[in-house]
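Below is one structure, written out as structure tokens; the observations come after it.
The values are calculated or read from the model by the stated rules, or taken from the named source; none is laboratory data. Bear in mind the structure is a predicted one, so any value in this text is a computation, not a measurement. We place every Cβ from the backbone using ideal geometry, glycine too, and count neighbours over all the protein chains shown. Heads up: the accessible areas ignore ligands, DNA and RNA and are worked out on the full protein's heavy atoms, side chains in. Shrake-Rupley method; radii C 1.70, N 1.55, O 1.52, S 1.80 Å.
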Amino acid sequence: MHKRNNPTKKDISRQLITYYNQDYHFSDGHILGSMCTAPHPIAQKAYHQFLDTNLGDPELFPGTKTMETKLIHYICHMLHAPPTADGLIVSGGTEGNISAIWIAKLLSNKTTILVPEHAHFSFEKVALLMNIKLKKIPSTKDYTVNIAHLKKNITNDVAAVVAIAGSTDLGTIDPIPEINDLCIDEHLFLHIDAAFGGFIIPYLKTLKPNIPDFDFRLKGVSTISVDAHKMGYGAIPLGTLIMREKQWIDLISVTSPCISSTRQAGILGTRSGGPVAAAYAVTHYLGPKGYQKVITTCIQNTTYFIHQIQKLGLNLLLEPTMNVIAIHFTNPTRVAQALAQQGWRVNIMEHLSSIRIVVMPQITKQIIDEFIPVLKKVCIEVGEL
Ligand code: 0PR
């Protein structure tokens, strides 16, 4: 009998289970430091349904393309974008930042950008890819950009100013209204990196009225990137770049002779409609009321979490603005490694002598109650308590 060399379906299925079991899963509740979560069930279903679509050739998939347009409109509306605005679906915050600076560079023909020192490392890629010079602006003691330093660094080779609405390390929000005024006065392109905060800040205002504006209501804001695969409850990869003027899309478009549409915008070519369908489904299903509920719960759980941490006698690096907690340690790596040995994953921020916990929707009070005794035990073991 002819012997099959390839593994059977059953073999493959067993292999997949083995590999799957080597991973951590959001549903276990032990991933504490990630900015992602398991996609909402309605997003998971939509993703599978649109697995074989390709938005690189939208004329073959007009239905998927319509969903994409509606998703962009949803985000535009959430960000109070003017009627002149439009957006691009991108793979995430990295591509959003690259695309925004690509536009700013083409509009200005200049090559320096002013970036807060607490900006995400994706701006290093911007610099490498586009021969851009990053001028890093120091932070204040609140870990937001220092406006006086920003002002001092405005020179006539600046293509764009970047501000962060929900920083990667600490969830802090730069003083965007002041930066906005500065950019209007100096006629500078202003990009807001709201990859993480974009789905939080609109709903944070009802809980914390002093949260500053960050969106297109500020007339100097040129572009905003927001990821659905972070706090939007969507599936990876799904980011958006919303721009004040729809014609800026033309700047980053090329003619595409071999496909049915004549122009293709942005960096990617072939790309799945699955994540777009997922984000369309969850945004329209939850709507503002649903997101308000999700964010309110995350913020309440953050408050509960920090009380439990403080009750242990541990110190926070600063009072959280949103659902990002930084616990200060003498040796954060040792704490994180000891937690990993117990099956709990946090992110290490050596540069801030802290560990990061992001209170995503899967981090319930029950999970916090399970984690706190482990944290206490580990801290005693490694001499942090
Ligand atoms: N801008 C900000 C403010 C970000 O926080 C991030 C990612 C990006 C841009 C880049 O986004 P993409 O990674 O989607 O391109 N911040 C997270 C971080 O570096 C990404 C992340 C998510 C890391 C989940 C780990 C993880 O498990 O922490």
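Against the definition (among the basic types (Lys, Arg), over 30 Å from GLN292 (Cα atoms) and either within 13 Å of the ligand (Cβ to nearest atom) or open to solvent by less than 20 Å² (accessible area, probe 1.4 Å) (or both)), how does LYS133 come out, yes or no? In short, no. Of everything in the range 221-244 that is open to solvent by 10 Å² or more (accessible area, probe 1.4 Å) and either within 30 Å of LYS45 (Cβ to Cβ) or in contact with a Cys (Cβ under 7 Å, 6 or more places away or on another chain) (or both), the residue that is farthest from the ligand (Cβ to nearest atom) is TYR233.
Of the residues making up the range 246-274, those that are open to solvent by 50 Å² or more (accessible area, probe 1.4 Å) and outside any strand (DSSP E or B) are LYS246, GLN247, ASP250, LEU251, PRO257, CYS258, SER260, THR262, ILE267, LEU268, THR270, ARG271. So, GLY93, is that one crowded, with 19+ Cβ neighbours inside 10 Å, assigned by TED's automatic domain parsing to the domain that holds GLY166 and touching a residue at least 24 places away in the same chain (Cβ under 8 Å) or not? The answer is yes for GLY93.
Note on the range 1-42: among residues that are in contact (Cβ under 8 Å) with a residue 60 or more places away in the chain and away from the ligand (no atom under 16 Å from the Cβ), the one that is surrounded by the most Cβ atoms within 10 Å (Cβ to Cβ) is HIS40. Annotation note: of ILE355, ILE325, the sole residue that is outside any loop (DSSP other than H, G, I, E, B) and closer than 25 Å to ASN210 by Cα is ILE325. On the stretch given as the range 288-326, residues that are loosely packed, with under 14 Cβ neighbours inside 10 Å, within 30 Å of ILE72 (Cα to Cα) and in contact (Cβ under 8 Å) with a residue 12 or more places away in the chain total 1. May I ask you to list pairs of residues, at least six apart or on different chains, whose Cβ atoms are under 8 Å apart, with the first in the range 268-287 being on the phi < 0 side of the Ramachandran plot and the second being at pLDDT below 95 and open to solvent by 10 Å² or more (accessible area, probe 1.4 Å)? Close Cβ pairs (under 8 Å, with a partner that is at pLDDT below 95 and open to solvent by 10 Å² or more (accessible area, probe 1.4 Å)) amount to THR270/ASP57. Does the range 8-30 include one or more residues that are under 23 Å from the mean Cα position of the chain (by Cα), part of a loop (DSSP other than H, G, I, E, B) and small (Gly, Ala, Ser)? So far as the range 8-30 goes, yes, one or more of its residues are under 23 Å from the mean Cα position of the chain (by Cα), part of a loop (DSSP other than H, G, I, E, B) and small (Gly, Ala, Ser). One residue alone among VAL335, VAL346, VAL324, VAL382 is within 19 Å of ASP28 (Cβ to Cβ), in contact with a helix residue (DSSP H, G or I) (Cβ under 9 Å, 6 or more places away or on another chain) and among the aliphatic types (A, V, I, L, M), and that residue is VAL346. For the range 337-385, a residue qualifies if it is on the phi > 0 side of the Ramachandran plot and within 27 Å of the chain's Cα centre (by Cα), and the qualifying residues are GLY343, SER353.
Of all the numbered requirements in (1) in contact (Cβ under 8 Å) with a residue 40 or more places away in the chain; (2) assigned by TED's automatic domain parsing to the domain that holds ILE184; (3) closer than 30 Å to PRO320 by Cα, GLN264 misses one, and that requirement is (3). Looking only at the range 106-118, residues that are surrounded by fewer than 24 Cβ atoms within 10 Å (Cβ to Cβ) and within 11 Å of the ligand (Cβ to nearest atom) come to 1 in all.
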